[in-house]
Every structure is written in structure tokens, then in C-alpha cells.
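The values are calculated or read from the model by the stated rules, or taken from the named source; none is laboratory data. These numbers come from a predicted model, not from an experiment. Here the Cβ is made from the backbone with ideal geometry for all residues, glycine too, and neighbour counts use every protein chain on show.
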There are 2 protein chains.
Amino acid sequence: MDIKAYIREMREKVDDALRRIFPQSDGFEKELISSMRYSLFAGGKRLRPILCIASCEAVGGDESICMPVACALELIHTYSLIHDDLPSMDDDELRRGKPTNHMVFGEAMALLAGDGLLTEAFYLLSSASFAKKVGSDRSLEIIRIISEAAGFRGMLSGQAVDIRSEGEKKDKSVVEYIHRHKTGALIRASVISGGMAGGGTENQIDALSKYGERIGLAFQIMDDILDVEGEIDKLGKHVGMDEKRGKLTFPSVFGMERAKEINLNLIDEAVSYLNCFDSRAEPLREIALYIINRTG
Amino acid sequence: MDIKAYIREMREKVDDALRRIFPQSDGFEKELISSMRYSLFAGGKRLRPILCIASCEAVGGDESICMPVACALELIHTYSLIHDDLPSMDDDELRRGKPTNHMVFGEAMALLAGDGLLTEAFYLLSSASFAKKVGSDRSLEIIRIISEAAGFRGMLSGQAVDIRSEGEKKDKSVVEYIHRHKTGALIRASVISGGMAGGGTENQIDALSKYGERIGLAFQIMDDILDVEGEIDKLGKHVGMDEKRGKLTFPSVFGMERAKEINLNLIDEAVSYLNCFDSRAEPLREIALYIINRTG
């Protein structure tokens, strides 16, 4: 299959859906909505929504069913980037080749825009029309999975440990904790929630969860690798920042060669967990390979 | 009835429930959890949870049913205070007589603690045990009401307009927009969600909604008044800050006398909407009066 065409097609569908969710406003809340829209439409890869859709399809569900979940995941991812870029966090001025949110709207508005995107994700996930399609119990389960992954049990602990371990000694268990939580948790939740929305069985969700765990970790390791070996034009952000900040990364802790080896193994494992699926899981297989072959 | 005893009793129950939700941790996430706990147990009045419980009881529900909702509301309120106190927002060093979160844990951790509290609210609201008690559809409805009130459709728009209108000319429609959104929306949602958890009818929820709208606005007007006439010891925060920051407030826009008049009218109206309830709504009636008689 042509995975690039698949990704392009799904990305457009996600963008359309996001545009419908976030219409512009002329009311008092105009600037806040502009600030949210600015980061939401700043050229994201839509990896999490696409993983969600691909998982939904792998279990036999239609892409339209899981679209509110796919959008909610992108809102959460975007919020995490806005807050992560703030001066008190990573203090980044550039994201995907554009000025970061606070560079354009100021810190206060960027803070609120992030809060708004996070909150809106749960508004979407609790919609009556979505519950009608997948069932109220499944809706609630999906909210539980995603809030667990995005909160202090997941992503936020990864970020908290990440900022505190800058310049610390190179500890393997710490860097793995950071990566599994900061990036891995939400990617795994994207895959699980897509499978749930598509009506996956317990065994299928379990296989998707293991697949998601591996590619989630692999994705962040690849980010580390690209920060050393990538090109600014393709990444849309400065390179060499991890070293400059003294961040714990897989290349810095395990060495570059070993980091790449670990990554290949993770992707091998991830794909093997998809054996119980038929050809409808082909996009998931291809995305796993795409993660370690990407340059941006 | 002795409203002070009622508030004390409910406050203790809420505190107990919050303590059960947020156990301490010795893992990597220790500092993040400490930061969340610090603000959560910094002596809040628990007004929103108590309103939620009182509304649940007014429609005949038991306080234990709505406890997850009551806790979720307090998590959201606490998150909003942490983010509001940050240097890029109100830059407050003191809250309830104690150093604000970022003064103790630093800006980055305070940011993440706020994010964590907000996300955890939705984790609580989506719990299977709560859905079992009130029904999955009602659970989802409550998530919808609360996320609408807390997000860019409610609280966050109020905050966004608030920070942008500092030093602006005195506009009545703007100050009312700010107060209705920034403070009013979540207070109204507290009352509605409590009524929903308790199994209230459509008419009851409608009456609670009107009651909640009035007391929500009145509460923020009282905050404005206390910032002029209150005492630092009783308030646990500096006074005169609104004027110093050039904030739009009811006393500054309408004059103090008119602000107090508006407030009395709002409370009268609020209480009149409770006529359709029996004596079980007594706490709600008393809380309305408490709001305009409080000194801290």
C-alpha cells in the first residue's frame, strides 16, 4: 500500500473535522479562539489521529466513527506542545517552522489556549452523537483511557520528570520513564481508543495496546535521534537542542548505535503484535515502519 | 438551619474524598503529585463541591452519589487558581494566606500541576463506579456540562477577556461577560451537575440552572466588593489588587452602591427560583445568603 497517500488522505479528513469543530468567532472570545486555532492548524503531522483511525479500521470500524476521538487526541497533543514551548518549560521560539504560540499571542493567552484545547477534547469525547454511535459505556471508557494517558498518570509525569532531570546523570530507567510517559502514553491511548471506537474485541484491544506501547517509545527515541542527525528544514525546529539543554535522551544515555538498535527491535515487536489482524491493519504496519524512517 | 455547620460538615467530607483520590507517591511523579496536593489542600472553601452536594440533596439524591462530581469541580477550580496566579497571568504570590504554587514549586511544575488537576477531573467523572450509580448517559451529560463551563465556551473566555481588558475603559457589557464566564459558568455547572447526579427532573435542573447563574455572578461581584472593603486577614490575600491592576470590576464600573444593589437583587432572584423545591433545598437558600454576607 501507499502509506504516504493514506497519511495524506487521513490528514485531510482530520483537518476538515478540526476546522468544523473550531469555527472562527467575532465575540469577546475571538483572540482566545484565534490562539487555539493558530497552533491547531500550524502544520501538525496528525500522527495520533491517524493512528486512532488506522486502529479503528484494523478492527473493522469506519473512519467516520472515531473522528471525534481522533480530533480530541490532536487537541490534547497540541495543548501539550503549547505548554511545553512556554518560557518556563522548554522556552522554544520555533515549532514546525513557525513562531510558537506565546511568541505570537503572549504567554497568558498561550497558557489559556492550551487549557482550552485540553478541556475541549473532553467536550468532544462526551458528545451525545458520538455516544449514540459507539455506546455510552464505550464513550466513558475512551474518556478514561485518554484522561489517564494525558494526566499525571501518563504524559504529565513524563514532562515533570523531563524538566527536573535536565543536566542530571545519565540514567537508563529515568530516560525510559520519561519517554514512555511523555510521548508513549498518549500514542498508546490513540491506538487503544481507535480500536475501542471501532468496536474491537478485548483481544484486539490488548494487541493494539502492545503495538501502541512499542511505537510510542520508538517515536520518542526517533525524535531524540533526529535532534542529533536531523535537518532543521525537514524538522521545522532547531536541532541539537536536547544536548544544549542537557536533556536525557536515548542516544545520550545508550549511545547512538544502541539507540537505533533498540528502536528497530521495538518496531519489529510492534508489527508482530499485529499478526492477529488481517489486511485492514496494513496502515498500522506501515506507520510503524514510517516512524523509524521519517526525517521530519 | 445552621448553614455554617452544614458547610463545615460537607467540607470535611469533600476533603476526605479528595485525600482518597490523591494519595502521596514515592515514584518519579512524586514532585508533580506534591505540587497538585499543595494547592488542593491549601484551605479552599470548597464552595463548588458544596453547591454540587446541596443541589444533589435538593432533588432528593444522597451526598455520596455526587462526590466524584464534587471532587472534580474542586480539581478544576484549583487548577484555574494555579494557572491564574502564574507570573504571566495575575502574578500573585499569596493565595489563601500561603505562597502560591509557583512560588513553592516553580513555574514549570505549577503549570503541569494545573494541567494535571484539570485532566484528573475528567478521569474522575468517567469512572465506571460513578456511571454505575447515575447511569452512563447522565455521566456523559455531566462531563459535557462541566467541560463546556470550564473551557473556551465558559471560564477560559472570561479569563482571556479579563487579562486583555486590564486598564481598558469601563464597559458594563465587558465586565458582565467576564464575571459570567470567569466565575459564573463553573458555579452554575456545579449546581446543574449536582442536580443531575441526584436524578433531578428537567424542570428541577432548569430551576437550578437559573439559581446557579445568579449566585455565580453574585459571588464574583462580592469578590470585587471584598477586594475594596475586605480585610487581608480574613481573605487570605492582598486587597486593593483589582484597582492596582486596572481590572474591570462591578464597583469600578457601576459604583459601589449600585454593585451592592445588583448583588442583593441577584440573590433575591436566585432564592425565588428555589420555590419549586421543598425543605431539602434549605442549604441552597442559605448558601445564597452566605455569599453576600461573607467576609472571606
Next item on the list: Could you grab me the full set of residues in segment B:85-98 that are in contact with a strand residue (DSSP E or B) (Cβ under 9 Å, 6 or more places away or on another chain) and within 14 Å of another protein chain (Cβ to nearest Cβ)?
Entry: B:ASP85
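Take the conditions under 16 Å from the mean Cα position of the chain (by Cα), at the interface with chain A (Cβ under 7 Å from one of its Cβ atoms) and of a type outside the set (Ser, Thr, Tyr) and apply them to B:LEU112. Does it pass?
It is false that B:LEU112 is under 16 Å from the mean Cα position of the chain (by Cα), at the interface with chain A (Cβ under 7 Å from one of its Cβ atoms) and of a type outside the set (Ser, Thr, Tyr).
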Check: Scanning for something free of Cβ contacts under 8 Å to residues at least 12 places away in the same chain, in a helix (DSSP H, G or I) and among the aromatic types (Phe, Trp, Tyr), does segment B:142-152 turn up at least one residue?
Finding: no
Notebook entry, point to check: Considering segment B:252-296 alone, what residues qualify as being within 18 Å of B:GLY184 (Cα to Cα) and among the basic types (Lys, Arg)?
Noted result: B:LYS260, B:ARG285, B:ARG294
Check: Within segment B:154-212, how many residues are farther than 29 Å from A:ASP26 by Cα and polar (S, T, N, Q)?
Finding: 4
Next item on the list: Would you please name the residue that is farthest from A:THR119 (Cα to Cα), looking only at residues in segment A:132-153 that are among the charged types (D, E, K, R) and at the interface with chain B (Cβ under 7 Å from one of its Cβ atoms)?
Entry: A:ASP137
Notebook entry, point to check: So, of the residues in segment B:19-71 that are surrounded by fewer than 20 Cβ atoms within 10 Å (Cβ to Cβ) and on the phi > 0 side of the Ramachandran plot, which turns out to be nearest to the other protein chains (Cβ to nearest Cβ)?
Noted result: B:GLY43
Notebook entry, point to check: Of the residues that make up segment A:161-175, is at least one out of contact with any helix residue (DSSP H, G or I) (no Cβ under 9 Å at 6 or more places or on another chain), in a helix (DSSP H, G or I) and closer than 26 Å to A:GLU63 by Cα?
Noted result: no
Notebook entry, point to check: Among the residues of segment B:156-189, which ones are aliphatic (A, V, I, L, M) and without any contact (Cβ under 8 Å) to a residue 40 or more places away in the chain?
Noted result: B:LEU156, B:ALA160, B:VAL161, B:ALA185
Checklist line | Hits in segment B:5-18 (condition: closer than 21 Å to B:GLY97 by Cα and either within 14 Å of chain A (Cβ to nearest Cβ) or without any contact (Cβ under 8 Å) to a residue 40 or more places away in the chain (or both)) | finding: B:ARG8, B:ARG11, B:GLU12, B:ASP15
Check: Inside segment A:249-266, can you point out the residues that are crowded, with 19+ Cβ neighbours inside 10 Å and over 23 Å from A:TYR211 (Cβ atoms)?
Finding: A:THR249, A:PRO251
Margin query: Just the residues that are without any contact (Cβ under 8 Å) to a residue 24 or more places away in the chain and part of a loop (DSSP other than H, G, I, E, B), please, taken from segment B:220-261.
Written below: B:VAL239, B:GLY240, B:GLY255
Next item on the list: Considering only segment A:154-170, state which residues are within 7 Å of chain B (Cβ to nearest Cβ) and more than 16 Å from A:GLY216 (Cα to Cα).
Entry: A:ALA160, A:VAL161, A:ILE163, A:ARG164
Next item on the list: Exactly one condition in (1) more than 14 Å from chain A (Cβ to nearest Cβ); (2) within 18 Å of the chain's Cα centre (by Cα); (3) surrounded by fewer than 24 Cβ atoms within 10 Å (Cβ to Cβ); (4) within 28 Å of B:THR295 (Cβ to Cβ) is not met by B:LYS234; state its number.
Entry: (2)
Notebook entry, point to check: Out of (1) within 17 Å of the chain's Cα centre (by Cα); (2) at pLDDT below 95, the odd one out for B:GLU93 is which?
Noted result: (1)
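Please pick out the residue among A:LEU264, A:LEU217, A:LEU274 that is at pLDDT 95 or above, among the aliphatic types (A, V, I, L, M) and in a loop (DSSP other than H, G, I, E, B).
The unique qualifying residue is A:LEU274.
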Item checked: Positions within segment B:191-216 being crowded, with 24+ Cβ neighbours inside 10 Å and either touching a His at 6+ places or on another chain (Cβ under 9 Å) or without any contact (Cβ under 8 Å) to a residue 40 or more places away in the chain (or both), in sequence order -> B:GLY216
Check: What number of residues in segment B:99-109 are within 8 Å of chain A (Cβ to nearest Cβ) and out of contact with any helix residue (DSSP H, G or I) (no Cβ under 7 Å at 6 or more places or on another chain)?
Finding: 2
Margin query: Can you go through B:LEU81, B:LEU51, B:LEU111, B:LEU73 and tell me which one is assigned to a helix (DSSP H, G or I) and touching a strand residue (DSSP E or B) at 6+ places or on another chain (Cβ under 8 Å)?
Written below: B:LEU81
Next item on the list: Filter segment B:229-264 for residues that are of a type in the set (Gly, Ala, Ser) and either closer than 25 Å to B:ARG164 by Cβ or touching a Ser or Thr at 6+ places or on another chain (Cβ under 9 Å) (or both) and give the result.
Entry: B:GLY230, B:GLY240, B:GLY246, B:SER252, B:GLY255, B:ALA259
